[in-house]
Structure formats: C-alpha cells, structure tokens
Amino acid sequence: VECLAVLRWSPEHPDATIAGLVNRSKFQVNSSISIPWQTDEFIQSILQQSLETTDASLPKVLTLRGTASGLTTNNSGWLSGANCASLVGVPLQIHAEDPPLGIVLAMDCHQRHWSAAQCEGLQLLVRELTVHYRSQYLIQYLSQKQNQLQCLNWFKQRHLEHLCRLWTEQFSSAPVPEK
C-alpha cells in the first residue's frame, strides 16, 4: 500500500481531521486543513456505497478503481494523486445503525487486487480503530453531559435553598397560635 490515511470526525461536528497518515507515494494528502466531511463528495460516496452493501457483520471494504484524479476530484482539496490508483475505503463504524466516526483509506498506484486475507486484515484494523475512536467519543460525550448535569444540579440546589429560606421566613414571621 502506497498511502494509508485515517480520517476522523464527530457526528455532530462538520469537520474531519487526518488522524493518521502513512504516505510513501505520489498521493498528496493535505493534513493541515479541516475537511467538511458532510459535504465532501468523495467521503459521502464512500459512506453511501457502504450503506448499499448487505453484510452488516463487518466493516465494509469498498474498492474504487480508476485514475486518482478521477476518483479524488470531488473532494475538498485534501487529497490528490497519481495517474492510476486503487483506493480502498472502510468507514469507521461497528454496526450499520451506528453513525460513522471516520474512514480509513488505503491507496495504491497500481491496479492491486485485494485478497480476502488482506481485506480481513484491513477489516480487523478498522474494527479496532473504531472501538478506540468510539470509546474516546463516548467518554467526551458523557463528560459533556456530566458537566451539563452538574450545572443543572447547581441551579436546582440554589432554587431549593431559596424555597427553604422563603418557607422558613414565612413560618418564623407567622404568629404562634395560643393554646
């Protein structure tokens, strides 16, 4: 493989970043820009093709063949490359109903045939990356929710203190009935 890139994003954020890159080829990957993954036609075509496959038990390995310029013209300027290319894309998602957290792209300058063992190895790598990124995403998401709940709890506590103070003032100023 001439180039291996991992693009990562959060489902609620519009930008993706290059999380990993091994590049020994004529492919140019601009890792300094943020990639609008929701509108990038190249990324969306990989995600759309992965939805069309039927085997939901493993991440889908999608092989795209053709010229790199033909395959990569519909991106946001983050990928360009050699004259002929074989690209393999795999979304970072465990189950089809999960939102993808990125994609792994393996690119080659040759019309490489990917054997079943190579595809299984790539699927295993992608599954492990997905579990890692999903756990990081969930930790971040749950931390944000915890902070929101702590703020809500603080306001709730202040409101209860205010009600207790009003209740105490009301009963302390009320006349005591005689027996």
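The values are calculated or read from the model by the stated rules, or taken from the named source; none is laboratory data. Treat the numbers as computed from the prediction; the structure is a model and nothing was measured. Neighbour counts run over all protein chains shown; Cβ positions are idealised from the backbone, glycine included. All accessible areas refer to the heavy atoms of the entire protein, side chains included, with ligands and DNA or RNA removed. Shrake-Rupley method; radii C 1.70, N 1.55, O 1.52, S 1.80 Å.
Structural remarks
- Spin-label model, HIS132 to TRP154: label points 7 Å out along the Cα-to-beta-carbon direction sit 3.5 nm apart.
- Surrounding net charge for SER135, when Lys and Arg each add one and Asp and Glu each subtract one, Cβ distance under 14 Å: +1
- Given in Å, the Rg to one decimal and the Dmax to the nearest whole number for the Cα atoms of segment 88-156 are 18.2, 63.
- Excluding ligands, DNA and RNA, the accessible surface per residue across segment 97-179 is 77 Å² with a 1.4 Å probe.
- Peptides 160-173, 112-125, ordered by how many other C-beta atoms sit within 10 Å of their residues on average, highest first, read 112-125, 160-173.
- Using the average count of surrounding beta-carbon atoms within 10 Å as a protection proxy, the listed peptides 138-145, 3-10, 26-33 rank, highest first, as 3-10, 26-33, 138-145.
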